[in-house]
1. On a 32 Å Cα-Cα criterion, which of the cross-link pairs K35/K189; K55/K76; K76/K170; K76/K156 come out too long?
2. For K55, K35, K96, K76, what ranking results if the residue with the fewest other Cβ atoms within 10 Å of its Cβ goes first?
Amino acid sequence: MSIQDLRAEPPRDSDPAYSGLDDEALWAMLRNGDKQAFALIYNRFFPRLFNYGMKLIPQAELIRDGIHDVFVTLWKSRQRLSATSSVKFYLYACLKRRIIALSRQNRLLPVKRLFGFPGEFEFCLSPEDSIILEQTGQIKRQKLQELINKLSRRQKEALFLRYYEGLSPKEVAAIMSLNINSTYVLLSKALDFLRTHRDKLLPAAFLFFFK
């Protein structure tokens, strides 16, 4: 089975055998060779993996190649996969390692740059946060963006993984090749900076990072 096959024939989310299954359930089915579960994981995570990859290095073709390689390896090694409590963490960690390897091969930029975060930092609100917005008014997104852009690249990546993607500090540390203490320091300094500028943000924007 190829990734091209998945793009040509997307899985049917309405299939009663798969409807409502969470990531971990699909992962367990993938480990048993279920092609539909594999296709659902691919379609569920491709947009988010592509978004993260483009923030690390804005090379769309390289990012697509990296995601392709990750999923091809995933399928080929399915019988050796272990159970996981976070499919998202597994895929993000694999993609970052693959992007670093591809960038070395293609000599696109110094590898140390990959541990930065050169792209624009974006975030989205959960349904709960959207309700808050309705109650307090719309976030001054541009002002928040300006503040975030003053953070270091490492701080932005840590914030993205922790608050946008909802990964644990331990998972953020593993993806960024940091120890857990360094990760807490990165996050703490970034949040302290935003906290000192809280007067420039509406309550909902501030709450997004400090809830």
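Readers should treat all values here as calculations from the given coordinates under stated rules, not as data from a laboratory. Every value quoted in this text rests on a predicted model; they were computed, and no experiment measured them. Please note: Cβ atoms are built from the backbone with ideal geometry, for glycine as well, and neighbour counts cover all protein chains shown.
1. Distance filter (> 32 Å) returns K35/K189; K76/K156.
2. Working: K55 20, K35 14, K96 24, K76 9.
In increasing order of surrounding Cβ atoms, one gets K76, K35, K55, K96.
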